[in-house]
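Here's the structure we're looking at; comments come further down.
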Protein chains: 2
Amino acid sequence: MIVRDPEVENREYPFATLNSFITPTAEFYLRNHYPYPTIDAQTWRMTVEGRVEQPVVLGYAELRQLPAETITVTMECAGNNRSLLTPKTEGMQWAQGAVGNATWTGVPLQAILTRAGVQPDAIEVIVEGTDKGEIKEPPKPDGEIHYTRSLPLDDPILTNALLAYAMNGEALSLAHGYPLRLIVPGWYGMASVKWVTRLIVTAKPFHGYYQSIDYALWERVDGIPTRVPITTMQTKASIARPECQEEIPLHTPFCINGAAWSGTDEIAKVEISVDAGQSWHPAQLLGEPVRYAWRLWTYNAPPFTRPGFYTIMARATDTSGCTQAMQRQPDRENYVISHVIPVPITVQ
Amino acid sequence: MIVRDPEVENREYPFATLNSFITPTAEFYLRNHYPYPTIDAQTWRMTVEGRVEQPVVLGYAELRQLPAETITVTMECAGNNRSLLTPKTEGMQWAQGAVGNATWTGVPLQAILTRAGVQPDAIEVIVEGTDKGEIKEPPKPDGEIHYTRSLPLDDPILTNALLAYAMNGEALSLAHGYPLRLIVPGWYGMASVKWVTRLIVTAKPFHGYYQSIDYALWERVDGIPTRVPITTMQTKASIARPECQEEIPLHTPFCINGAAWSGTDEIAKVEISVDAGQSWHPAQLLGEPVRYAWRLWTYNAPPFTRPGFYTIMARATDTSGCTQAMQRQPDRENYVISHVIPVPITVQ
């Protein structure tokens, strides 16, 4: 694991080691905004409050007895690949490894909301974690805040969201959100709130820090920028090997491998270029498509016949026909890095 | 006039000179975000677009022929009095004079919207000015933006909003928004967009820069901060004379005068303290109440019988019974400075 922050634990997966569909829990990236909270499972409770017919309070044992589901979900940090941006931008300098794929077991969010009874005027559910701290840069709220995100109640994603207590078949670790974390399939990781303690159903639009200031982007509507929360993961292929500046022997076939994912669709194809984007060749997609999970892929590249510096690229196309852009869009600030990223290699 | 910014014209009224209900146009404060735009009244047009039945394009001559209204409105900058905050905060360091009271003549916004025909799913109208520039600090949109604010279509204020082309009985000057500016009675000045060129009726909530990042505050709902646009002016009394550190002669009656205003209600009373808030005495309200206009007031203070340093204060109460707070609320960042502000004087 690559440590990205000495004070608050933030680690990423060494993506070059990618060799399995499921990312081992110990290697799954960690993105924390605050120090780990102290959790006592005996006294821990999750409450459902706000615009509900009947507020609900659930303990850990009780939650684990409710009908459960298991889903396989690829989660990518909205800032993954940030370290590659030029000029340098603010934020954790992630390389490629702020992404992973795991199975998550828990109770559908919808089942909990149904239990509480959502009132007709409700429009969003705010999900609050136990972790908290103070924001340093303005515009910042006064005092401490908890890590919090909301989901619109009419978003189709709501039917797939899970309140998970297990990851890869084992009880969630504290680092991954024990006792309970939200999993929002297809959305960047910032939506999957850890250490969930409160669900607040609300009739007013919520504009919390982590969806209005941070983890938000400007979108031009009629030419006018309006601030919108970051949500859906963009279609993307990421090359595990060769690594950046890896040496490839001359006259020797070699394998290019990686993973590709999409927040909304399946991956239809991954194409590889070994000549900086001049020509493209289909990679082989491994296994079967699993909705919301990445697809591993491999490409057997023909040998290079001349030594020199080469640039390899991978680009994914999803089943909606959407292909990764070659250039980064300028309105994405330091998030949503989903354009085709060139990997320079040396052949000798 | 007191110049507050050398590059972009920002000037405030020397509030100590307050002696008339109407602020002369030449002394009315100027708050600009960008350099003055170049306007040619011959080619200038205002368009009404978006979720309307019939887009409307209006020229200057045409606008001036529509049924007009004149209203008297006190406008205060949301950052007025900022220079008094400790610790110092970011932003234009206004003393007391980023406030003024003027008559405004123009066409009701509602009449223009009715002419275009608002579609049933519309929820807001975005008002765009011609002035534009680039924001410097993140979170900032890419490229230039126009100064823009929106009004919710279901807000009662909408029925009073005016698209004004005259101020104090004369054609609007370029500095005050010629050829057309919005006037939103009872709201801080940031809502009264100058040099209006576009009204965009929208079915989606608008989160523009000047209402989500700037001119917005954190409001805690269920303990969770949510970002809301600054809107209504808070009830406030401001002392014109004596000024800060003015010398008052011993054994001599003196007059304390100023103005008081409220965004929603009339001023019910203004009280004065000459002993740092220990005792309060009613001031005399001058003239008759005019909705959305300030009320001038005066108080004949008894002579001081001992030399020394004294602190005078004024506090307003509106007809809803709301009295100015003695202490500043910590969640207001560098805006909405409406608590009672002590004025230190010297008696000798």
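Here segment B:58-83 is the region considered, the condition is being among the charged types (D, E, K, R) and surrounded by fewer than 20 Cβ atoms within 10 Å (Cβ to Cβ), and the residue that is nearest to B:Val48 (Cα to Cα) is B:Glu62.
Here is a check on your reading of the model: is B:His339 open to solvent by 60 Å² or more (accessible area, probe 1.4 Å) and either farther than 30 Å from A:Asp142 by Cβ or more than 14 Å from chain A (Cβ to nearest Cβ) (or both)? In short, no. B:Val118 falls short of the stated requirement of being crowded, with 20+ Cβ neighbours inside 10 Å and either farther than 30 Å from B:Ile341 by Cβ or among the aliphatic types (A, V, I, L, M) (or both).
Right, B:Lys136: in contact with a strand residue (DSSP E or B) (Cβ under 9 Å, 6 or more places away or on another chain) and among the charged types (D, E, K, R) or not? Criteria not met by B:Lys136. Scan segment B:234-241 and tell me whether some residue there is more than 8 Å from chain A (Cβ to nearest Cβ) and more than 20 Å from the chain's Cα centre (by Cα). For segment B:234-241, residues more than 8 Å from chain A (Cβ to nearest Cβ) and more than 20 Å from the chain's Cα centre (by Cα): present.
Within segment A:125-135, is there a residue that is among the small types (Gly, Ala, Ser), more than 21 Å from A:Val73 (Cβ to Cβ) and part of a loop (DSSP other than H, G, I, E, B)? Within segment A:125-135 (the criterion being among the small types (Gly, Ala, Ser), more than 21 Å from A:Val73 (Cβ to Cβ) and part of a loop (DSSP other than H, G, I, E, B)), the answer is no, since none of the residues qualifies. Applying the set (1) open to solvent by 40 Å² or more (accessible area, probe 1.4 Å); (2) in contact with a strand residue (DSSP E or B) (Cβ under 9 Å, 6 or more places away or on another chain); (3) under 24 Å from A:Gly79 (Cβ atoms) to A:Pro307 leaves exactly one unmet item: (3).
Strands (runs of 3 or more DSSP E) fully within segment B:149-240 that include at least 3 residues being open to solvent by less than 10 Å² (accessible area, probe 1.4 Å) and in contact with a helix residue (DSSP H, G or I) (Cβ under 7 Å, 6 or more places away or on another chain): B:162-167. What residue, among those in segment B:249-260 that are among the hydrophobic types (A, V, I, L, M, F, W, C) and surrounded by 21 or more Cβ atoms within 10 Å (Cβ to Cβ), is nearest to B:Asn19 (Cα to Cα)? Applying the filter and picking the extreme gives B:Ala259.
Please specify each residue of segment A:98-115 satisfying the condition of being open to solvent by 10 Å² or more (accessible area, probe 1.4 Å) and not hydrophobic (A, V, I, L, M, F, W, C). Please lay out each step first, then the result.
Going through segment A:98-115, the residues open to solvent by 10 Å² or more (accessible area, probe 1.4 Å) turn out to be A:103, A:105, A:108, A:110-111, A:114-115.
Within segment A:98-115, A:Thr103, A:Thr105, A:Pro108, A:Gln110, A:Thr114, A:Arg115 meet the criteria.
Of all residues in segment A:42-57, those being exposed (fewer than 12 other Cβ atoms within 10 Å of the Cβ) and either in contact (Cβ under 8 Å) with a residue 60 or more places away in the chain or within 14 Å of another protein chain (Cβ to nearest Cβ) (or both) number 2. The test for being part of a strand (DSSP E or B) and either under 26 Å from B:Pro87 (Cβ atoms) or open to solvent by 20 Å² or more (accessible area, probe 1.4 Å) (or both) holds for B:Met313. Scoring A:Ala95 on the criteria (1) open to solvent by 10 Å² or more (accessible area, probe 1.4 Å); (2) at positive phi; (3) in contact with a strand residue (DSSP E or B) (Cβ under 9 Å, 6 or more places away or on another chain) leaves a single failure, condition (2). A:Gly263 passes every criterion in (1) more than 14 Å from chain B (Cβ to nearest Cβ); (2) outside any strand (DSSP E or B); (3) open to solvent by 40 Å² or more (accessible area, probe 1.4 Å) apart from (3). Being exposed (fewer than 15 other Cβ atoms within 10 Å of the Cβ), at pLDDT below 95 and more than 30 Å from B:Ile213 (Cα to Cα) holds for only one residue in B:Gln329, B:Gln278, B:Gln348, and it is B:Gln348. Among residues of segment B:115-138 that are under 15 Å from B:Val196 (Cβ atoms), those with a beta-carbon under 6 Å from a residue that is surrounded by fewer than 17 Cβ atoms within 10 Å (Cβ to Cβ) and acidic (Asp, Glu) at least six positions away or on a different chain give the pairs B:Lys132/B:Glu144. Output yes when any residue across segment A:70-93 is at pLDDT 95 or above, farther than 28 Å from B:Pro138 by Cβ and not hydroxyl-bearing (Ser, Thr, Tyr), and no when none is. The answer is yes, given that some residue of segment A:70-93 is at pLDDT 95 or above, farther than 28 Å from B:Pro138 by Cβ and not hydroxyl-bearing (Ser, Thr, Tyr).
Within segment B:214-242, the set of residues being in contact with a strand residue (DSSP E or B) (Cβ under 7 Å, 6 or more places away or on another chain) and aliphatic (A, V, I, L, M) comprises B:Ala216, B:Leu217, B:Ile224, B:Val228, B:Ile230, B:Met233, B:Ala237, B:Ile239, B:Ala240. A residue that is within 15 Å of the chain's Cα centre (by Cα) and either within 14 Å of chain A (Cβ to nearest Cβ) or more than 28 Å from B:Val118 (Cα to Cα) (or both) occurs somewhere in segment B:176-187. Among the residues of segment A:303-336, which ones are within 14 Å of chain B (Cβ to nearest Cβ) and touching a residue at least 40 places away in the same chain (Cβ under 8 Å)? Across segment A:303-336, the qualifying residues are A:Arg328, A:Asp331, A:Arg332, A:Glu333, A:Asn334, A:Tyr335, A:Val336.
Might you let me know whether segment A:224-231 holds any residue that is more than 14 Å from every other protein chain (Cβ to nearest Cβ) and at pLDDT 95 or above? Checked against the condition, which is being more than 14 Å from every other protein chain (Cβ to nearest Cβ) and at pLDDT 95 or above, segment A:224-231 yields at least one hit. Only residues that are among the aromatic types (Phe, Trp, Tyr) and surrounded by fewer than 20 Cβ atoms within 10 Å (Cβ to Cβ) were counted in segment B:286-303, giving 0.
The values are calculated or read from the model by the stated rules, or taken from the named source; none is laboratory data. The structure presented is a predicted model; accordingly, all values stated were derived computationally and were not measured. Every residue, glycine among them, receives a Cβ derived from its backbone with ideal geometry; neighbour counts consider all protein chains shown. What goes into the accessible areas is simple: the full protein's heavy atoms, side chains included, and nothing from ligands, DNA or RNA. Shrake-Rupley method; radii C 1.70, N 1.55, O 1.52, S 1.80 Å.
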